[in-house]
Amino acid sequence: MMTSKIIPVDPFDLVIFGITGDLARRKLIPVLYYRFIDGQIPKSSRIIGLARSAFSTQQFRNQAREALKQAVSEKHFDPALAKRFVSCLHYIKNDVNSDEDWGELQKMLKDSDNKVLAFYLSVAPVLFSPIVKQLGRLNLAKNSRLVVEKPFGHDLASARKLKSQIGAVYNEHAIYRIDHYLGKETVQNLMALRFANKLFEPLWNTNHVDHIQITAAETLGVEGRGEYYDNIGAMRDMVQNHLLQLLCLTAMEPPYKFDADAMRDEKLKVLRALQPLTGEEALRKTVRGQYLAAPGAPGYLEESHNKDSQTETFVALKAQINSWRWAGTPFYLRTGKRLRSQVAEIVITFRSTPHSIFGEIDTPIRPNALVIRLQPDEGLNLFIMTKDPGPGGFRLRETPLDMTFAGNSGDDWRPPDAYERLIMDIIRGNQTLFMRDDEVEAAWEWIDPIMMAWKNSGVPPESYDSYSSGPAGAVELIVRDNRRWRDIVA
Ligand code: BG6
């Protein structure tokens, strides 16, 4: 069985704005509890939650314990440990715009001997800039780290504006822009696969790779977030960040070192090498969709409370990277809500064998494929052709070499949540898995013209059935190139 070594971190003060919000309740508090039970939260550390409601710290601790009961698996919920954990939590009522409301936080932080101070903005984007301004004004920002949840802007212009507002107080080395996909176990394993093995690198280029598919499919719709989501859509919510980051990690050149700037320099080169998609070409190479109602599940138009909404809940597109390594190998990206299964994966499909020596056989030779599965069942599958066992003639079949991480990591293995890794990296001061400002801008630079082409076309998104594989146009997009999507199956 594998043992995991817990790297100690310095005692810290982690101040979370928006502690009563969904992300804090569902993710941040539970993942901090997991780190606590693994002994990674040093004794004097404090998690200081801020929100507008008036609670006492004790009331907040009780709520946090309830949130843990809901979010943590039964196996890992230990009432005694939960009690000890919540004693690290503190609550301060804070209305960002009220100058008087900052006094208590100032007082708490002034007396702290903890080495690390991080401010986590788990709030609506409109509050990013006012909070940062206050941190600057009160001199709290000094020697602290700032953690920002996406979206980082709405387009290139707003991203630049946000950058300059935050940049007036924080320098880039103190800013941690979260893209939680980068914290997923398999995404980090992609780095291990590519750069700690010799096997794949000689094949990792257009001479050997036919095409690459990146899929992030969800079964849930937008649920209660309809009105918020209606101003965003799948392109901004998933493609601009998560999918493009996966594309970068798959396509990038080996960095000279596994370090924040070396990694991010290489990812940036990929973003800059993306062939721009504008006007007609953007319309030809992208498909957007919107889900319809199903029995017991309202359609997007109902959930968004906007019956004329043209917001996309699905995007498929064909991207091309203009580089020696990838020219001629398309990247097909696809994401959507209310699809058949909850799946996120990267599929590398290699080129076919140049000639079959087997002649007329029952099973055609299928190109090898490497499936890198982010969720569910994190792992890798390498599909290779093998001989069907037995003496009854020579037949071929496709067989996966299966490397499911859970199966290889012992019975006690619990796939860590992406946020566990990311929060600890913030405390350690490691920015490798966080997006740099120039990456964010380069991503918007590529996305903006596509969204502009959609807007100018006036064509609404294509409808698709809930729990299907998405709109028919997405199938056509790839079939046109004589290829097909891998089925969306968990
Ligand atoms: C978030 C999006 O960033 O990622 C959500 O805002 C989406 O709309 C979520 O549901 C998907 O994350 P995961 O980890 O469940 O694939």
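The values are calculated or read from the model by the stated rules, or taken from the named source; none is laboratory data. Just so we're clear, the structure is a prediction, and the values are computed from it rather than from any experiment. In this analysis, Cβ positions are derived from the backbone assuming ideal geometry, glycine residues included, and neighbour counts consider all displayed protein chains. Surface areas here come from the heavy atoms of the whole protein model, side chains and all, with no ligands, DNA or RNA. Shrake-Rupley method; radii C 1.70, N 1.55, O 1.52, S 1.80 Å.
The number of residues in segment 196-218 that are within 16 Å of the ligand (Cβ to nearest atom) and within 17 Å of R325 (Cβ to Cβ) comes to 1.
Which members of segment 322-367 meet the condition of being under 35 Å from the mean Cα position of the chain (by Cα), more than 30 Å from L277 (Cα to Cα) and hydroxyl-bearing (S, T, Y)? Result: T353, single match. For segment 98-115, the criterion of being out of contact with any Pro (no Cβ under 8 Å at 6 or more places or on another chain), surrounded by 20 or more Cβ atoms within 10 Å (Cβ to Cβ), closer than 28 Å to N62 by Cα and of a type in the set (S, T, N, Q) is met by no residue.
The single condition among (1) at pLDDT 90 or above; (2) under 25 Å from R414 (Cα atoms) that F128 does not satisfy is (2). For R334, are the conditions met, namely being out of contact with any helix residue (DSSP H, G or I) (no Cβ under 6 Å at 6 or more places or on another chain), assigned to a strand (DSSP E or B) and at pLDDT 95 or above? Yes: the conditions hold for R334. Evaluating D237 against the criteria (1) within 16 Å of the ligand (Cβ to nearest atom); (2) out of contact with any Pro (no Cβ under 9 Å at 6 or more places or on another chain) leaves one unmet condition, (2). Evaluated against (1) under 20 Å from V147 (Cβ atoms); (2) surrounded by fewer than 21 Cβ atoms within 10 Å (Cβ to Cβ); (3) within 20 Å of the chain's Cα centre (by Cα), N189 falls short on exactly one condition, (1). When restricted to residues that are closer than 24 Å to L292 by Cα, touching a strand residue (DSSP E or B) at 6+ places or on another chain (Cβ under 7 Å) and of a type in the set (A, V, I, L, M), segment 177-231 contains 3.
Each row is one residue, and each column tells you yes or no for (1) open to solvent by 70 Å² or more (accessible area, probe 1.4 Å); (2) under 22 Å from R284 (Cα atoms).
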position	(1), (2)
D388	no, no
F394	yes, no
I426	no, no
G429	no, no
A443	no, yes
A472	no, yes
V475	yes, yes
R483	no, yes
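Cβ-Cβ distances below 6 Å connect the following pairs, each with a first residue in segment 4-32 that is closer than 19 Å to Y176 by Cβ and part of a loop (DSSP other than H, G, I, E, B), a second residue that is open to solvent by 10 Å² or more (accessible area, probe 1.4 Å) and of a type in the set (S, T, N, Q), and a separation of six or more residues or different chains: P11/S44; P11/N114; G18/S122; G21/S122.
For segment 129-175, a tally of residues being part of a helix (DSSP H, G or I) and not charged (D, E, K, R) returns 18. Identify all residues within segment 134-180 that are among the charged types (D, E, K, R), more than 16 Å from the ligand (Cβ to nearest atom) and either at pLDDT 95 or above or surrounded by 17 or more Cβ atoms within 10 Å (Cβ to Cβ) (or both); write none if there are none. Matches in segment 134-180: R145, D155, R160, K161, K163, E172.
Scanning segment 219-232 finds one or more residues that are farther than 24 Å from E462 by Cβ and within 16 Å of the ligand (Cβ to nearest atom).
Looking at segment 218-234, which of its residues are of a type outside the set (V, I, T), surrounded by fewer than 21 Cβ atoms within 10 Å (Cβ to Cβ) and either outside any helix (DSSP H, G or I) or touching a Leu at 6+ places or on another chain (Cβ under 9 Å) (or both)?
Across segment 218-234, the qualifying residues are E218, L220, D230, N231.
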